[in-house]
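Below is one structure; the comments refer to it alone.
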Amino acid sequence: MDTPLTVVILAAGLGTRMKSKKAKVLHQAGGRALIGHVAGTALELTSPDRIFVVVGSQAEQVQAAVSAEGLGFIHQAEQKGTGHALMVCRERLAGLPGLLAVLYGDCPLLSTATLRELVERQRNSTAAATVITTVLEDPAGYGRVLRDESGRVRAIVEQKAAAPDELAVREINSGIYCFRADLLWKHIDEIRPDNPAREYYLTDIVEIFGRAGYGVEPFLLAEPAEVLGINTRAELAEVDRICRQRKVRELMLAGVTIEKPETVTIDAGARIGADTVVEPFAQILGRTAIGEDCRIGACSIVRDSELADRVEVRPFSIIEGSQVGAEARVGPYARLRPGSRLGAGAHVGNFVELKQTRLGAGSKANHLAYLGDAEIGDGVNVGAGTITCNYDGVEKHPTKIGNEVFVGSNATLVAPLELGDGCYVGAGSVVTDPVPPQALALGRARQVNKEGWARKRRPAARKNPPTEPRP
Ligand code: UD1
Ligand code: MG
């Protein structure tokens, strides 16, 4: 049987080098909190009840950002270093046998495959631990890996504590380890804060194991991208870029056309069906799900929304928290605010805003309208410039429009209001009372024509009245 695996994710630090009020692991890369990425990777390897997150700074928010169910949280009230973060876990975890992997919450690009290989290597090794290392062009800020004659890891020295010849070493500690749990708990208390920062460095465990007669194996990664740690905003931006690139590539390999892929922003949680085309500078954010054969127009933003198959979003549209039925068309320059639902084949055209509104199947609002808190049936035509007056200065009120209704241009629909099936509203009407099915509502002043009025009023016309009408 496989040796059981426990995963501990260190995420208690504030991250002072980020110069932020927000704890570092809450910052986002690829549209997901850093801690979310790491927890997601851990969940691929072991069951939630075997994953523990060490929290401290902004603990509540960090817990909320790990959306998965069933993970354990351990509080590190004072952040006295990565070694101390594990010391506070001992009471809760020492009874769990097998292997213990430690991940750092600020290292989100690690792949499941690499983590799995780390665990496999440790499983098949006699060493006390295996640590992922890599060689960086510029190792500044990272702990340096010092090897012994046999190639095992003799020590890891932190940047702040390293001698000049040690600083020249370009092999770095990724902060990702797999330990024999029994040996870790046996020796963890030997870590002392005897360094310039007065912190308990987890990395000191390597020398402690050495003194106790145990080895530590390196697992050298040729490709450093996976273990880039984030300590500054500049590093955050670089990791975000890599996350986006990965996501776009994954989608393209799954059959999505992405034009100018370097310009689009697609969050990790977004799903897009095959043969959908994403135009340049589009942003597809949050938990958006887009069907097959859709087109997402240039510079459009789609957030936390569901689009069925064959939906066309024309350029410069914004869709948030909404559902769009198959073959519907949105934009250009349309805005669907949260709670909007478009039926199959519905059209929402330029400068039309919907809020908390259902527009039924085949219904159209093609130009310049505001539809808020409205239930609109199927086959309805909403004329240009129609406004639902849903707010009376104190409260919001609903508008209900039946099927096959024709609302003339520039209608002002004062809510609460109900328009019955098949009725007509004359252009320019202010409608304050319910309209029965099949009726015509006219709510505007009757037109009056005053014969000859213009000729009399124009001074020039009075002096020199034209003798003959112009052709
Ligand atoms: C750490 C390693 C360094 C390695 C680098 C890789 C140590 C001493 N150093 O340095 O060798 O090259 O990561 O990215 O381990 N944390 C806690 N509690 C604490 C302190 C930190 O939970 O008391 C968490 C942080 O929230 C963070 C992680 O541990 O997610 C790493 O801490 P950080 O301060 O970023 O360590 P580095 O200086 O990057
Ligand atoms: Mg770090």
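Overview of results
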| quantity | calculated |
| --- | --- |
| Protein accessible area in the range 351-471, 1.4 Å probe - carbon and sulfur % | 53 |
| Where a label projected 7 Å from the Cα of Leu442 along Cα→Cβ would reach, residues of the range 391-429 with amide N under 11 Å | 426-427 |
| Those GluC sites (Glu not before Pro) in the range 132-199 that DSSP places in a loop and that have at most 15 other beta carbons within 10 Å | Glu137, Glu149 |
| Cα→Cβ-extended label distance, 7 Å offset, between Ala234 and Thr263, nm | 2.8 |
| Protein accessible area in the range 141-296, 1.4 Å probe - carbon and sulfur % | 49 |
| Computed FRET value (nearest 0.05) for Ala254 with Ala225, which takes r as the C-beta separation and R₀ as 22 Å | 0.55 |
| Translational diffusion of the range 356-449, µm² s⁻¹ [Kirkwood Rh, Cα pairs; Stokes-Einstein; 4 °C; 1.567 mPa s] | 101 |
| Cβ-derived FRET efficiency at R0 25 Å, Ala64 paired with Lys400, nearest 0.05 | 0.10 |
| Cα gyration tensor category, rounded, prolate or oblate, for the range 297-409 with a/c compared to 1.5 | prolate |
| Accessible surface, the range 1-110, averaged per residue in Å² (probe 1.4 Å) | 42 |
| Amide H within-cut-off set for Arg341, under 5 Å, with H built and near neighbours excluded | Gln323, Thr357, Arg358, Leu359 |
| Longest to shortest principal axis, alpha-carbon extents of the range 82-222, angstrom | 41, 34, 31 |
| Length-normalised contact order for the chain - Cα pairs under 8 Å, 6+ apart - percent | 8 |
| The chain - Debye-derived log10 I(q)/I(0), Cα point model, q = 0.07, 0.08, 0.12 Å⁻¹ | -0.54, -0.64, -0.99 |
| Solvent-accessible heavy-atom area per residue, rounded to whole Å², over the range 396-464 at 1.4 Å | 71 |
| Table column - 3J(HN,Hα) (Hz), the range 387-400, Karplus curve with 6.51, -1.76, 1.60, x for Gly and Pro | 10, 8, 8, 8, 10, 9, x, 10, 10, 8, 10, x, 10, 10 |
| Approximate spin-label separation Lys22-Arg147, in nm, with each point projected 7 Å along Cα-to-Cβ | 4.0 |
| The range 392-453-the range 288-305 distance, computed between alpha-carbon centres (Å) | 34 |
| Per residue value of the accessible surface for the range 201-274 (all protein chains in place, 1.4 Å probe), Å² | 48 |
| Cα shape, the range 154-257, gyration tensor, a/c 1.5 rule | prolate |
| Longest exposed-site-free window of the chain, the sites being trypsin sites (Lys or Arg not before Pro) in a DSSP loop that have at most 12 other C-beta atoms within 10 Å | 199-445 |
| Kirkwood-based Rg to Rh ratio, the range 283-325, C-alpha trace | 0.90 |
| Rounded if a/c under 1.5, otherwise prolate or oblate - the range 168-325, Cα gyration tensor axes | prolate |
| Rounded to 5, the percent of DSSP beta bridges in the chain classed as antiparallel | 20 |
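The values are calculated or read from the model by the stated rules, or taken from the named source; none is laboratory data. Everything numeric in this text was worked out from a predicted model, so none of it was measured. We place every Cβ from the backbone using ideal geometry, glycine too, and count neighbours over all the protein chains shown. Surface areas here come from the heavy atoms of the whole protein model, side chains and all, with no ligands, DNA or RNA. Shrake-Rupley method; radii C 1.70, N 1.55, O 1.52, S 1.80 Å.
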